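The values are calculated or read from the model by the stated rules, or taken from the named source; none is laboratory data. Note that this is a predicted model, so its numbers are computed, not measured. Every residue, glycine as well, gets a Cβ built from its backbone with ideal geometry; the counts of neighbours run over all protein chains shown. For accessibility, only protein heavy atoms count, side chains too; no ligands or nucleic acids. Shrake-Rupley method; radii C 1.70, N 1.55, O 1.52, S 1.80 Å.
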Amino acid sequence: MSLLSDLRTPSGSAAAVQRLWPLLERMYPICRSITGNGVRQTLDLIETVIPLQRFEVPTGTPAFDWEVPPEWNIRDAYIADESGRRVIDFRAHSLHVVNYSAPVRQRMTLDELQPHLHSMPDRPEWIPYRTSYYNENWGFCLRHRDRERLAQGSYDVVIDSELEPGHLTYAECVIEGSGDELALVYTHTCHPSLANDNLTGIAAAIAIAHAMHAERPRLTWRIVFGPGTIGSLVWLSRNEPLLPRLRGGLVIGLLGDPGPLTYKRSRRGDTATDRAAQLVLSGANAQIVDFEPYGYDERQFCSPGFDLPVGRLTRSANGRYDEYHTSADDLSFIRPECLAESVRALAELVAVIDRNRKLRNLSPKGEPRLGKRGLYGSVGGVSPGQFEQALLWLLSFSDGRHDLVSIAQKSGLAWPLLVEAAERLEAAGLARSIGLAEEKHMQQEPIQ
Ligand code: ZN
(Lines give C-alpha, C1' and ligand atoms only; values in the text may rest on other atoms or scores of the structure.)
Protein backbone atom coordinates (compact mmCIF):
# COMPACT_ATOMS: atom_id res chain seq x y z
CA MET A 1 0.00 0.00 0.00
CA SER A 2 1.36 3.44 -0.84
CA LEU A 3 1.96 5.95 1.92
CA LEU A 4 -0.77 8.25 0.64
CA SER A 5 -3.23 5.34 0.63
CA ASP A 6 -2.14 4.55 4.16
CA LEU A 7 -2.89 8.12 5.22
CA ARG A 8 -6.41 7.66 3.89
CA THR A 9 -7.13 5.00 6.53
CA PRO A 10 -8.13 5.76 10.16
CA SER A 11 -5.10 3.93 11.56
CA GLY A 12 -2.64 5.49 9.10
CA SER A 13 -3.81 9.05 9.74
CA ALA A 14 -3.88 8.53 13.52
CA ALA A 15 -0.31 7.18 13.41
CA ALA A 16 0.83 10.17 11.32
CA VAL A 17 -0.62 12.62 13.86
CA GLN A 18 1.02 10.72 16.71
CA ARG A 19 4.39 10.84 14.92
CA LEU A 20 4.09 14.59 14.29
CA TRP A 21 2.92 15.53 17.78
CA PRO A 22 6.43 16.01 19.30
CA LEU A 23 7.24 18.34 16.39
CA LEU A 24 4.14 20.43 17.17
CA GLU A 25 5.26 20.64 20.79
CA ARG A 26 8.61 22.01 19.66
CA MET A 27 7.01 24.49 17.25
CA TYR A 28 4.39 25.80 19.64
CA PRO A 29 6.53 28.19 21.77
CA ILE A 30 8.31 29.79 18.78
CA CYS A 31 7.43 33.44 18.10
CA ARG A 32 6.54 33.28 14.43
CA SER A 33 5.44 36.22 12.34
CA ILE A 34 5.11 37.10 8.66
CA THR A 35 8.92 37.46 8.52
CA GLY A 36 11.88 36.75 10.77
CA ASN A 37 13.82 34.04 12.52
CA GLY A 38 10.75 32.40 14.08
CA VAL A 39 9.68 31.37 10.58
CA ARG A 40 13.18 30.10 9.78
CA GLN A 41 13.29 28.03 12.99
CA THR A 42 9.90 26.58 12.11
CA LEU A 43 11.09 25.64 8.62
CA ASP A 44 14.18 24.02 10.20
CA LEU A 45 11.83 21.77 12.18
CA ILE A 46 9.65 20.98 9.16
CA GLU A 47 12.80 20.10 7.26
CA THR A 48 13.58 17.35 9.76
CA VAL A 49 10.66 15.45 8.15
CA ILE A 50 10.41 16.60 4.52
CA PRO A 51 12.82 18.27 2.07
CA LEU A 52 12.18 21.98 1.49
CA GLN A 53 13.22 24.56 -1.04
CA ARG A 54 13.49 27.88 0.77
CA PHE A 55 13.06 31.35 -0.62
CA GLU A 56 14.20 34.63 0.92
CA VAL A 57 12.47 37.62 -0.67
CA PRO A 58 13.97 41.04 0.15
CA THR A 59 12.10 43.79 1.97
CA GLY A 60 10.55 46.19 -0.53
CA THR A 61 9.94 43.54 -3.21
CA PRO A 62 6.59 44.36 -4.82
CA ALA A 63 3.78 41.81 -4.98
CA PHE A 64 0.91 43.40 -6.93
CA ASP A 65 -0.48 46.20 -4.73
CA TRP A 66 1.67 45.11 -1.77
CA GLU A 67 5.32 44.90 -0.90
CA VAL A 68 7.46 42.80 1.42
CA PRO A 69 7.64 44.68 4.75
CA PRO A 70 10.72 45.16 6.92
CA GLU A 71 11.82 41.97 8.66
CA TRP A 72 10.78 41.69 12.31
CA ASN A 73 12.82 39.94 14.98
CA ILE A 74 12.40 39.99 18.72
CA ARG A 75 14.75 38.90 21.48
CA ASP A 76 12.93 39.92 24.65
CA ALA A 77 10.11 42.09 25.95
CA TYR A 78 8.66 42.84 29.36
CA ILE A 79 6.90 45.31 31.61
CA ALA A 80 8.61 45.55 35.01
CA ASP A 81 7.28 47.26 38.13
CA GLU A 82 9.31 49.60 40.33
CA SER A 83 10.85 46.64 42.18
CA GLY A 84 12.13 45.27 38.86
CA ARG A 85 9.71 42.33 38.86
CA ARG A 86 8.45 41.43 35.38
CA VAL A 87 4.67 41.73 35.51
CA ILE A 88 4.41 40.79 31.83
CA ASP A 89 7.13 38.66 30.29
CA PHE A 90 7.42 37.73 26.61
CA ARG A 91 9.58 34.78 27.60
CA ALA A 92 6.56 33.23 29.33
CA HIS A 93 4.32 33.47 26.22
CA SER A 94 4.99 34.78 22.72
CA LEU A 95 1.46 36.23 22.53
CA HIS A 96 2.36 38.79 25.22
CA VAL A 97 3.77 41.16 22.60
CA VAL A 98 1.74 42.65 19.77
CA ASN A 99 3.28 40.85 16.79
CA TYR A 100 5.51 43.24 14.78
CA SER A 101 5.90 45.68 17.68
CA ALA A 102 8.51 48.38 17.09
CA PRO A 103 11.33 48.57 19.66
CA VAL A 104 10.59 50.44 22.88
CA ARG A 105 12.61 51.22 25.99
CA GLN A 106 10.78 53.66 28.22
CA ARG A 107 9.62 54.37 31.76
CA MET A 108 5.86 55.07 31.82
CA THR A 109 3.00 55.54 34.23
CA LEU A 110 0.20 53.02 34.18
CA ASP A 111 -2.10 55.61 32.56
CA GLU A 112 0.41 56.17 29.76
CA LEU A 113 0.78 52.43 29.32
CA GLN A 114 -2.94 51.57 29.19
CA PRO A 115 -3.53 52.48 25.50
CA HIS A 116 -0.82 49.94 24.60
CA LEU A 117 -2.39 47.07 26.57
CA HIS A 118 -4.84 44.54 25.11
CA SER A 119 -6.92 42.11 27.15
CA MET A 120 -10.31 40.39 27.00
CA PRO A 121 -12.64 41.43 29.83
CA ASP A 122 -15.08 38.66 28.90
CA ARG A 123 -12.28 36.03 28.94
CA PRO A 124 -10.08 37.20 31.82
CA GLU A 125 -7.87 34.08 31.75
CA TRP A 126 -6.94 34.28 28.06
CA ILE A 127 -4.22 36.31 26.32
CA PRO A 128 -5.45 37.77 23.03
CA TYR A 129 -3.36 37.61 19.81
CA ARG A 130 -2.82 40.98 18.15
CA THR A 131 -0.69 42.10 15.20
CA SER A 132 0.42 45.40 13.74
CA TYR A 133 2.17 44.42 10.52
CA TYR A 134 1.60 47.42 8.35
CA ASN A 135 1.26 50.29 10.89
CA GLU A 136 4.32 50.83 13.01
CA ASN A 137 3.11 50.48 16.58
CA TRP A 138 3.80 48.53 19.74
CA GLY A 139 1.81 46.91 22.51
CA PHE A 140 1.38 44.11 25.00
CA CYS A 141 -1.36 41.50 25.32
CA LEU A 142 -2.21 40.09 28.71
CA ARG A 143 -4.79 38.25 30.78
CA HIS A 144 -7.46 40.67 31.91
CA ARG A 145 -7.13 39.43 35.49
CA ASP A 146 -3.43 40.40 35.45
CA ARG A 147 -4.26 43.77 33.94
CA GLU A 148 -6.67 44.50 36.77
CA ARG A 149 -3.93 43.79 39.31
CA LEU A 150 -1.56 46.41 37.90
CA ALA A 151 -1.05 49.08 40.55
CA GLN A 152 -0.62 52.77 39.85
CA GLY A 153 3.01 53.75 39.64
CA SER A 154 5.73 53.71 37.01
CA TYR A 155 6.81 50.80 34.85
CA ASP A 156 9.84 49.96 32.77
CA VAL A 157 8.61 49.01 29.31
CA VAL A 158 11.03 47.15 27.07
CA ILE A 159 10.53 45.61 23.65
CA ASP A 160 13.88 44.45 22.36
CA SER A 161 12.87 44.01 18.73
CA GLU A 162 14.15 45.00 15.29
CA LEU A 163 12.24 46.19 12.27
CA GLU A 164 14.88 46.40 9.57
CA PRO A 165 15.33 45.70 5.87
CA GLY A 166 15.64 41.93 5.60
CA HIS A 167 13.63 39.16 3.98
CA LEU A 168 10.32 37.34 3.88
CA THR A 169 10.92 33.60 4.17
CA TYR A 170 8.77 30.89 2.64
CA ALA A 171 9.36 27.33 1.55
CA GLU A 172 7.99 24.70 -0.78
CA CYS A 173 8.09 20.94 -0.80
CA VAL A 174 7.81 20.01 -4.48
CA ILE A 175 6.70 16.51 -5.44
CA GLU A 176 7.36 16.06 -9.12
CA GLY A 177 4.55 14.59 -11.15
CA SER A 178 4.64 12.57 -14.34
CA GLY A 179 2.97 15.29 -16.44
CA ASP A 180 3.36 19.03 -16.77
CA GLU A 181 0.30 20.14 -14.79
CA LEU A 182 0.34 21.06 -11.14
CA ALA A 183 -1.57 21.44 -7.91
CA LEU A 184 -1.05 23.47 -4.77
CA VAL A 185 -1.45 23.13 -1.02
CA TYR A 186 -0.90 26.37 0.91
CA THR A 187 -0.67 26.72 4.67
CA HIS A 188 0.28 29.80 6.63
CA THR A 189 3.28 29.82 8.95
CA CYS A 190 2.97 33.28 10.49
CA HIS A 191 1.17 32.64 13.77
CA PRO A 192 3.13 32.54 17.03
CA SER A 193 2.05 30.32 19.95
CA LEU A 194 -1.32 29.25 18.57
CA ALA A 195 -2.08 25.62 17.84
CA ASN A 196 -5.21 25.08 15.80
CA ASP A 197 -4.37 28.24 13.87
CA ASN A 198 -2.05 27.14 12.44
CA LEU A 199 0.18 24.33 13.66
CA THR A 200 -2.53 21.91 12.54
CA GLY A 201 -2.32 23.20 8.97
CA ILE A 202 1.45 22.81 9.06
CA ALA A 203 1.11 19.28 10.47
CA ALA A 204 -1.39 18.21 7.80
CA ALA A 205 0.78 19.68 5.04
CA ILE A 206 3.84 17.81 6.38
CA ALA A 207 1.86 14.55 6.55
CA ILE A 208 0.73 14.89 2.94
CA ALA A 209 4.15 15.93 1.64
CA HIS A 210 5.85 13.09 3.51
CA ALA A 211 3.42 10.52 2.14
CA MET A 212 3.59 11.79 -1.43
CA HIS A 213 7.33 12.07 -1.50
CA ALA A 214 7.67 8.34 -1.86
CA GLU A 215 5.42 8.29 -4.93
CA ARG A 216 5.14 9.65 -8.43
CA PRO A 217 1.88 11.58 -8.63
CA ARG A 218 0.34 12.63 -11.94
CA LEU A 219 0.42 16.32 -11.06
CA THR A 220 3.41 18.16 -9.66
CA TRP A 221 2.38 19.11 -6.14
CA ARG A 222 3.69 22.26 -4.54
CA ILE A 223 3.18 22.22 -0.80
CA VAL A 224 3.83 25.81 0.27
CA PHE A 225 4.62 27.03 3.79
CA GLY A 226 4.35 30.82 3.80
CA PRO A 227 2.96 33.72 5.78
CA GLY A 228 -0.70 34.71 5.48
CA THR A 229 -1.72 37.25 2.81
CA ILE A 230 1.71 38.69 1.91
CA GLY A 231 3.08 35.15 1.51
CA SER A 232 0.44 34.01 -0.98
CA LEU A 233 0.75 37.34 -2.82
CA VAL A 234 4.52 36.90 -3.07
CA TRP A 235 4.11 33.27 -4.18
CA LEU A 236 1.59 34.29 -6.86
CA SER A 237 3.79 37.13 -8.10
CA ARG A 238 6.78 34.78 -8.46
CA ASN A 239 4.86 31.87 -10.02
CA GLU A 240 2.45 33.58 -12.39
CA PRO A 241 3.71 31.69 -15.48
CA LEU A 242 2.79 28.37 -13.82
CA LEU A 243 -0.81 29.31 -13.06
CA PRO A 244 -2.40 28.31 -16.38
CA ARG A 245 -1.25 24.74 -15.62
CA LEU A 246 -2.75 24.67 -12.11
CA ARG A 247 -5.34 21.87 -11.95
CA GLY A 248 -6.39 22.30 -8.34
CA GLY A 249 -5.42 23.61 -4.96
CA LEU A 250 -6.27 23.86 -1.31
CA VAL A 251 -5.61 26.38 1.38
CA ILE A 252 -5.55 24.49 4.68
CA GLY A 253 -5.66 25.42 8.35
CA LEU A 254 -7.73 25.07 11.53
CA LEU A 255 -7.77 21.30 11.24
CA GLY A 256 -7.72 20.10 14.86
CA ASP A 257 -10.80 21.53 16.59
CA PRO A 258 -13.95 19.48 17.18
CA GLY A 259 -16.06 21.40 14.62
CA PRO A 260 -17.17 19.60 11.45
CA LEU A 261 -14.86 19.51 8.42
CA THR A 262 -15.64 22.54 6.28
CA TYR A 263 -14.79 22.94 2.62
CA LYS A 264 -15.09 26.44 1.22
CA ARG A 265 -15.61 26.54 -2.53
CA SER A 266 -13.44 28.51 -4.91
CA ARG A 267 -14.85 31.77 -6.22
CA ARG A 268 -16.04 30.03 -9.41
CA GLY A 269 -17.72 27.38 -7.28
CA ASP A 270 -17.64 24.60 -9.91
CA THR A 271 -13.94 23.94 -10.41
CA ALA A 272 -12.39 20.47 -10.37
CA THR A 273 -11.31 21.11 -6.77
CA ASP A 274 -14.87 21.98 -5.76
CA ARG A 275 -16.24 18.84 -7.40
CA ALA A 276 -13.53 16.68 -5.83
CA ALA A 277 -14.55 18.07 -2.42
CA GLN A 278 -18.20 17.29 -3.15
CA LEU A 279 -17.26 13.71 -4.00
CA VAL A 280 -14.95 13.16 -1.02
CA LEU A 281 -16.89 14.97 1.69
CA SER A 282 -20.47 14.04 0.89
CA GLY A 283 -21.61 11.57 3.48
CA ALA A 284 -18.79 12.49 5.87
CA ASN A 285 -19.23 14.66 8.95
CA ALA A 286 -18.64 17.72 6.80
CA GLN A 287 -20.15 20.86 5.36
CA ILE A 288 -19.50 22.64 2.08
CA VAL A 289 -19.89 26.40 1.98
CA ASP A 290 -19.79 28.97 -0.80
CA PHE A 291 -16.93 31.33 -1.43
CA GLU A 292 -16.86 34.68 0.31
CA PRO A 293 -14.06 37.22 -0.07
CA TYR A 294 -13.05 36.89 3.57
CA GLY A 295 -10.88 34.25 5.19
CA TYR A 296 -7.36 32.98 4.52
CA ASP A 297 -5.14 32.90 1.48
CA GLU A 298 -7.94 31.72 -0.81
CA ARG A 299 -8.71 35.45 -0.95
CA GLN A 300 -5.57 35.93 -3.05
CA PHE A 301 -5.73 32.70 -5.11
CA CYS A 302 -9.39 33.38 -5.95
CA SER A 303 -9.01 37.14 -6.52
CA PRO A 304 -10.66 37.92 -9.87
CA GLY A 305 -7.36 38.47 -11.69
CA PHE A 306 -6.36 34.86 -10.89
CA ASP A 307 -9.67 33.10 -10.22
CA LEU A 308 -7.86 29.82 -9.59
CA PRO A 309 -9.43 26.43 -8.81
CA VAL A 310 -8.41 26.75 -5.16
CA GLY A 311 -10.73 25.91 -2.26
CA ARG A 312 -10.14 25.83 1.47
CA LEU A 313 -10.27 22.99 3.96
CA THR A 314 -10.71 23.77 7.67
CA ARG A 315 -12.84 22.48 10.49
CA SER A 316 -14.36 25.52 12.26
CA ALA A 317 -13.84 28.55 10.05
CA ASN A 318 -11.61 31.41 11.16
CA GLY A 319 -13.21 33.52 13.86
CA ARG A 320 -15.98 30.96 14.40
CA TYR A 321 -14.78 29.43 17.69
CA ASP A 322 -14.26 31.15 21.01
CA GLU A 323 -10.60 30.20 21.42
CA TYR A 324 -9.67 31.63 17.98
CA HIS A 325 -6.68 34.02 18.17
CA THR A 326 -6.24 33.64 21.93
CA SER A 327 -3.90 31.73 24.23
CA ALA A 328 -6.70 29.19 24.71
CA ASP A 329 -5.88 27.94 21.18
CA ASP A 330 -3.03 25.86 22.58
CA LEU A 331 -2.08 22.21 22.07
CA SER A 332 -4.64 21.06 24.66
CA PHE A 333 -7.35 22.51 22.41
CA ILE A 334 -6.34 20.18 19.56
CA ARG A 335 -8.11 16.85 19.45
CA PRO A 336 -5.70 14.37 17.86
CA GLU A 337 -8.61 12.30 16.50
CA CYS A 338 -10.05 15.40 14.79
CA LEU A 339 -6.68 16.30 13.30
CA ALA A 340 -6.35 12.70 12.10
CA GLU A 341 -9.79 12.87 10.46
CA SER A 342 -8.73 16.11 8.72
CA VAL A 343 -5.48 14.55 7.49
CA ARG A 344 -7.48 11.61 6.15
CA ALA A 345 -9.89 13.90 4.29
CA LEU A 346 -7.01 15.95 2.92
CA ALA A 347 -5.21 12.82 1.71
CA GLU A 348 -8.39 11.66 0.01
CA LEU A 349 -8.89 15.04 -1.65
CA VAL A 350 -5.30 15.15 -2.83
CA ALA A 351 -5.61 11.62 -4.25
CA VAL A 352 -8.83 12.48 -6.12
CA ILE A 353 -7.50 15.79 -7.47
CA ASP A 354 -4.35 14.01 -8.62
CA ARG A 355 -6.15 11.17 -10.43
CA ASN A 356 -8.93 13.31 -11.85
CA ARG A 357 -8.59 14.11 -15.54
CA LYS A 358 -10.46 14.22 -18.76
CA LEU A 359 -10.13 11.41 -21.24
CA ARG A 360 -10.63 11.45 -24.97
CA ASN A 361 -12.56 8.54 -26.40
CA LEU A 362 -10.45 7.33 -29.30
CA SER A 363 -13.24 5.19 -30.75
CA PRO A 364 -16.28 7.43 -30.37
CA LYS A 365 -18.37 6.20 -33.33
CA GLY A 366 -20.53 3.41 -31.97
CA GLU A 367 -19.54 1.37 -28.96
CA PRO A 368 -16.13 -0.23 -29.30
CA ARG A 369 -16.03 -3.99 -28.79
CA LEU A 370 -14.71 -4.51 -25.28
CA GLY A 371 -14.45 -8.29 -25.44
CA LYS A 372 -11.87 -8.43 -28.17
CA ARG A 373 -9.64 -6.14 -26.11
CA GLY A 374 -9.89 -8.29 -23.00
CA LEU A 375 -11.86 -5.69 -21.09
CA TYR A 376 -14.53 -8.04 -19.83
CA GLY A 377 -14.01 -9.88 -16.59
CA SER A 378 -13.96 -9.10 -12.93
CA VAL A 379 -11.55 -6.54 -11.58
CA GLY A 380 -10.69 -5.68 -8.00
CA GLY A 381 -13.48 -7.73 -6.48
CA VAL A 382 -16.36 -6.04 -8.31
CA SER A 383 -18.71 -7.85 -10.58
CA PRO A 384 -18.02 -7.89 -14.33
CA GLY A 385 -21.31 -6.03 -14.80
CA GLN A 386 -20.18 -3.11 -12.65
CA PHE A 387 -16.82 -2.90 -14.34
CA GLU A 388 -18.45 -2.93 -17.77
CA GLN A 389 -20.75 -0.12 -16.63
CA ALA A 390 -17.76 1.94 -15.56
CA LEU A 391 -16.16 1.42 -18.98
CA LEU A 392 -19.35 2.44 -20.77
CA TRP A 393 -19.87 5.54 -18.64
CA LEU A 394 -16.30 6.61 -19.28
CA LEU A 395 -16.51 6.00 -23.03
CA SER A 396 -19.80 7.83 -23.25
CA PHE A 397 -18.69 10.95 -21.40
CA SER A 398 -15.03 11.19 -22.42
CA ASP A 399 -15.95 14.09 -24.66
CA GLY A 400 -13.69 16.83 -23.33
CA ARG A 401 -16.48 18.21 -21.16
CA HIS A 402 -16.60 15.72 -18.31
CA ASP A 403 -13.78 14.70 -16.04
CA LEU A 404 -13.60 11.51 -13.99
CA VAL A 405 -15.12 13.20 -10.94
CA SER A 406 -18.14 14.42 -12.85
CA ILE A 407 -18.57 10.96 -14.42
CA ALA A 408 -18.42 9.47 -10.89
CA GLN A 409 -21.13 11.87 -9.80
CA LYS A 410 -23.32 11.29 -12.85
CA SER A 411 -23.05 7.51 -12.72
CA GLY A 412 -23.03 6.99 -8.96
CA LEU A 413 -20.23 4.47 -9.50
CA ALA A 414 -17.44 4.23 -6.94
CA TRP A 415 -14.41 6.43 -7.55
CA PRO A 416 -11.77 3.66 -7.30
CA LEU A 417 -13.70 1.61 -9.86
CA LEU A 418 -13.75 4.50 -12.34
CA VAL A 419 -10.05 5.19 -11.83
CA GLU A 420 -9.27 1.54 -12.51
CA ALA A 421 -11.55 1.45 -15.56
CA ALA A 422 -9.97 4.65 -16.93
CA GLU A 423 -6.51 3.11 -16.63
CA ARG A 424 -7.69 -0.04 -18.43
CA LEU A 425 -9.24 1.99 -21.26
CA GLU A 426 -6.01 3.92 -21.68
CA ALA A 427 -3.94 0.74 -21.65
CA ALA A 428 -6.23 -0.76 -24.30
CA GLY A 429 -5.83 2.31 -26.52
CA LEU A 430 -9.52 3.20 -26.38
CA ALA A 431 -9.00 6.49 -24.57
CA ARG A 432 -6.20 8.80 -23.57
CA SER A 433 -5.77 11.55 -20.98
CA ILE A 434 -5.84 15.03 -22.38
CA GLY A 435 -4.00 18.10 -21.17
CA LEU A 436 -5.49 21.49 -20.43
CA ALA A 437 -4.72 22.93 -23.88
CA GLU A 438 -6.41 20.05 -25.72
CA GLU A 439 -9.31 20.23 -23.31
CA LYS A 440 -9.96 23.85 -24.17
CA HIS A 441 -9.78 23.03 -27.87
CA MET A 442 -12.20 20.08 -27.53
CA GLN A 443 -14.74 22.20 -25.70
CA GLN A 444 -15.09 24.29 -28.83
CA GLU A 445 -15.67 21.28 -31.09
CA PRO A 446 -19.17 19.96 -31.64
CA ILE A 447 -19.89 16.72 -29.81
CA GLN A 448 -19.32 13.85 -32.21
ZN1 ZN B 1 -5.20 33.39 12.26
Next on the checklist: Spelling out what I want: for every residue of the range 111-122, take phi, set θ = phi - 60°, compute 6.51 cos²θ - 1.76 cosθ + 1.60 (Karplus), and round to whole Hz; glycine and proline get x.
Outcome noted: 4, 5, 6, 3, x, 9, 9, 10, 8, 10, x, 7
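Can you bin the range 269-344 into rounded, prolate or oblate? Criterion: square roots of the alpha carbon gyration tensor eigenvalues sorted a ≥ b ≥ c, rounded for a/c under 1.5, prolate for a/b above b/c, oblate for the rest.
In terms of gyration-tensor shape, oblate.
In percent, what relative contact order does the range 55-179 have, based on Cα pairs under 8 Å that are 6 or more apart in sequence?
Once divided by the residue count of the range 55-179, the mean separation gives 39 percent.
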Item to check | Calculated diffusion of the range 263-311, Stokes-Einstein form, Kirkwood radius summed over Cα pairs, 37 °C and 0.692 mPa s, µm²/s | outcome: 303 µm²/s
Item to check | Protein accessible area in the range 182-255, 1.4 Å probe - carbon and sulfur % | outcome: 48 percent
Next on the checklist: I'd like the carbon and sulfur percentage of the solvent accessible area for the range 320-362, probe radius 1.4 Å, heavy atoms only, ligands and nucleic acids excluded.
Outcome noted: 40 percent
Checklist entry - What order, most packed first, do the peptides 306-319, 103-116, 133-146 have when packing is the mean number of other Cβ atoms within 10 Å of each residue? => result 306-319, 133-146, 103-116
Item to check | Mean projected area in nm² (Cα convex hull; one quarter of hull surface) for the range 81-135 | outcome: 4.7 nm²
Item to check | For the range 167-292, fraction of C-alpha pairs farther apart than 21 Å, in % | outcome: 44 percent
Next on the checklist: What is the angle, in °, between the Cα long axis of helix 199-213 and the longest principal axis of the Cα atoms in the chain? Nearest 10 is fine, range 0 to 90.
Outcome noted: 40 degrees
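At a threshold of 8 angstrom on Cα-Cα distance, excluding pairs fewer than six apart, so keeping six or more, what relative contact order does the chain reach in percent?
The value is 16 percent.
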Item to check | Rounded to 10°, Cα long-axis angle of helix 230-239 versus longest principal axis of the chain | outcome: 40 degrees
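Restricting to DSSP loop positions (anything but H, G, I, E, B) with no more than 10 other Cβ atoms inside 10 Å of their own Cβ, which trypsin sites (Lys or Arg not before Pro) remain in the range 68-99?
Qualifying residues, ordered by number: R85.
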Next on the checklist: For the chain, take the longest principal axis of its alpha carbons; what is the angle in degrees between that and the long axis of helix 336-355, to the nearest 10 within 0 to 90?
Outcome noted: 40 degrees
Checklist entry - Which Rg and Dmax, in Å, describe the Cα atoms of the range 1-142? => result 19.6, 65
Checklist outcome for this item: Reduced to Cα centres, the span from the range 227-287 to the range 298-358 in Å works out to 7 Å
Item to check | Inter-label distance for R107 and E125, nm, one decimal - labels placed 7 Å from Cα along Cα-to-Cβ | outcome: 3.8 nm
Next on the checklist: Given a 1.4 angstrom probe, what's the average accessible area per residue across the chain, in square angstrom?
Outcome noted: 42 Å²
Checklist outcome for this item: 1/(1 + (r/R0)^6) with r = Cβ-Cβ of E420 and R91, R0 = 56 Å, i.e. FRET efficiency to nearest 0.05, evaluates to 0.50
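Eigenvalues of the Cα gyration tensor times 5, then square-rooted: what semi-axes does that give for the chain, in whole angstrom, largest first? Working shown, then result.
On the way: eigenvalues 484, 91, 59 Å².
Computed over the chain, the values are 49, 21, 17 Å.
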Next on the checklist: From the P(r) of the range 205-250, could you give the percentage of C-alpha pairs in the tail past 17 Å?
Outcome noted: 42 percent
